[in-house]
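Heads up, the thing below is written out as structure tokens.
The values are calculated or read from the model by the stated rules, or taken from the named source; none is laboratory data. Note that the structure is a prediction, hence the values are computed from the model and not measured. Cβ atoms come from the backbone with ideal geometry, glycine included; neighbour counts cover every protein chain shown. Quick note on the areas: whole protein, heavy atoms, side chains included, nothing else; ligands and nucleic acids left out. Shrake-Rupley method; radii C 1.70, N 1.55, O 1.52, S 1.80 Å.
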Amino acid sequence: MSAVIMDGKAISKEIQAEIAAEVATFTKQSGITPCLAAVLVGDDPASEVYVRNKHRACERVGIKSQMHKLPASTTEEELLSLIDSLNQASDVHGILIQLPLPSGIDTLRVLDAVNPRKDVDAFHPENVGLISQGRPRFLPCTPHGVQQILDRCGVELSGKHAVIVGRSDIVGKPMSMLLTAKDSTHGPQAANATVTICHSRTRNLAEVCRSADVIIAAVGIANFVTVEMVKPGAVVVDVGINRTDEGLVGDVDFAAVSQIASQITPVPGGVGPLTVTMLMYNTFDAAKLLSS
């Protein structure tokens, strides 16, 4: 029996419609239109596509967007100066620094320079700390998107064993905090899952993964999670986006794993659309926060 496909595109459209309605009401009542400023340094084609997708999403939900495109020769101090001006701009509510930045620029210094109340990616250490304490200002976009998919597809997490393959600061680590959260003060549900984070040095990785009720693959290696690593009936969320000669593929061997999983996300069309949508969610939240 093949898995039910968790359709990220459809869920994304549903949430964007909800955001658009709330933004319209907020703008009418306050006279404030939420605004996202995206900063792109250099000419990375993938980054340009991501930023363009975010601009289109802003248009769909009624959020203004600014694009600040800088040459690859931009110095760190020039970039920091732009960020300072965006921090001070009263009509800018969210600031997005598109990664990766060119070599020679200290990424952490740049991300730390963003006003944490405008840090709609939730990368600033102040926002990461608030998440760890269970009182988040913003939730990181990709983990929050995963949480929305699981919630809206009716996946019960309480008491379940979730295995996250990957320990990045962007997905793996914050995902573990969301899945172990014991209340729902910010987000779709109280997860209350038991979480194991796996990585390149995890022993008996396949055995650990086979014990999971839910697998979240975020390792950045094409088809890394094979059918031998998945327990029949498990829910599998594929965060990976890998460019291959055959096109975009995820971190999960979709063709094989979809034959034994109960539910699975495709690539493309799974988590990716939700990442952009939750950025819209955070930008609207930032506008409300800064106007209060």
Exercise for review: Determine, yes or no, whether GLU126 is surrounded by fewer than 17 Cβ atoms within 10 Å (Cβ to Cβ), in contact with a Pro (Cβ under 7 Å, 6 or more places away or on another chain) and not in a loop (DSSP other than H, G, I, E, B).
Suggested key: yes
Of the conditions (1) open to solvent by 30 Å² or more (accessible area, probe 1.4 Å); (2) modelled with pLDDT of 95 or more; (3) in a loop (DSSP other than H, G, I, E, B), the single one that LYS173 does not satisfy is (3)
Conditions (1) surrounded by fewer than 16 Cβ atoms within 10 Å (Cβ to Cβ); (2) in contact (Cβ under 8 Å) with a residue 40 or more places away in the chain -> ILE260 fails only (1)
Any chance region 275-291 includes a residue that's closer than 21 Å to ALA162 by Cα, open to solvent by 30 Å² or more (accessible area, probe 1.4 Å) and of a type in the set (A, V, I, L, M, F, W, C)?
-> no
Within region 263-274, the residues that are open to solvent by less than 30 Å² (accessible area, probe 1.4 Å) and out of contact with any Phe, Trp or Tyr (no Cβ under 8 Å at 6 or more places or on another chain) are THR265, GLY269, GLY270, VAL271, LEU274
Among the residues that make up region 10-29, is at least one of them open to solvent by 10 Å² or more (accessible area, probe 1.4 Å) and touching a strand residue (DSSP E or B) at 6+ places or on another chain (Cβ under 9 Å)? no
Scanning region 49-74 for residues that are in a loop (DSSP other than H, G, I, E, B) and without any contact (Cβ under 8 Å) to a residue 24 or more places away in the chain gives SER73
Residue set LEU101, LEU79, LEU96, LEU150; condition in contact (Cβ under 8 Å) with a residue 40 or more places away in the chain, part of a loop (DSSP other than H, G, I, E, B) and surrounded by 19 or more Cβ atoms within 10 Å (Cβ to Cβ); output residue LEU101
Per the filter on region 155-170, residues under 16 Å from THR275 (Cβ atoms) and either within 12 Å of the chain's Cα centre (by Cα) or surrounded by fewer than 22 Cβ atoms within 10 Å (Cβ to Cβ) (or both) are SER168, ASP169, ILE170
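What about THR107, is it β-branched (Val, Ile, Thr), without any contact (Cβ under 8 Å) to a residue 12 or more places away in the chain and surrounded by 13 or more Cβ atoms within 10 Å (Cβ to Cβ)?
Details: β-branched (Val, Ile, Thr): yes; without any contact (Cβ under 8 Å) to a residue 12 or more places away in the chain: yes; surrounded by 13 or more Cβ atoms within 10 Å (Cβ to Cβ): yes.
So THR107 passes the test.
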Of those in region 238-252 that are assigned to a loop (DSSP other than H, G, I, E, B) and open to solvent by 50 Å² or more (accessible area, probe 1.4 Å), the residue modelled with the lowest pLDDT is GLU246
Going through (1) open to solvent by 30 Å² or more (accessible area, probe 1.4 Å); (2) farther than 15 Å from ASN115 by Cβ one by one, VAL51 fails only at (1)
Quiz item: For SER73, are the conditions met, namely being open to solvent by 50 Å² or more (accessible area, probe 1.4 Å), within 27 Å of THR27 (Cα to Cα) and over 19 Å from the mean Cα position of the chain (by Cα)?
Solution: no
In a strand (DSSP E or B) and either within 21 Å of ARG152 (Cα to Cα) or in contact with a Lys or Arg (Cβ under 7 Å, 6 or more places away or on another chain) (or both) - does that describe any residue in region 258-280? yes
Scanning region 219-237 for residues that are open to solvent by 20 Å² or more (accessible area, probe 1.4 Å), of a type in the set (A, V, I, L, M) and part of a loop (DSSP other than H, G, I, E, B), the one farthest from MET175 (Cα to Cα) turns out to be ALA222
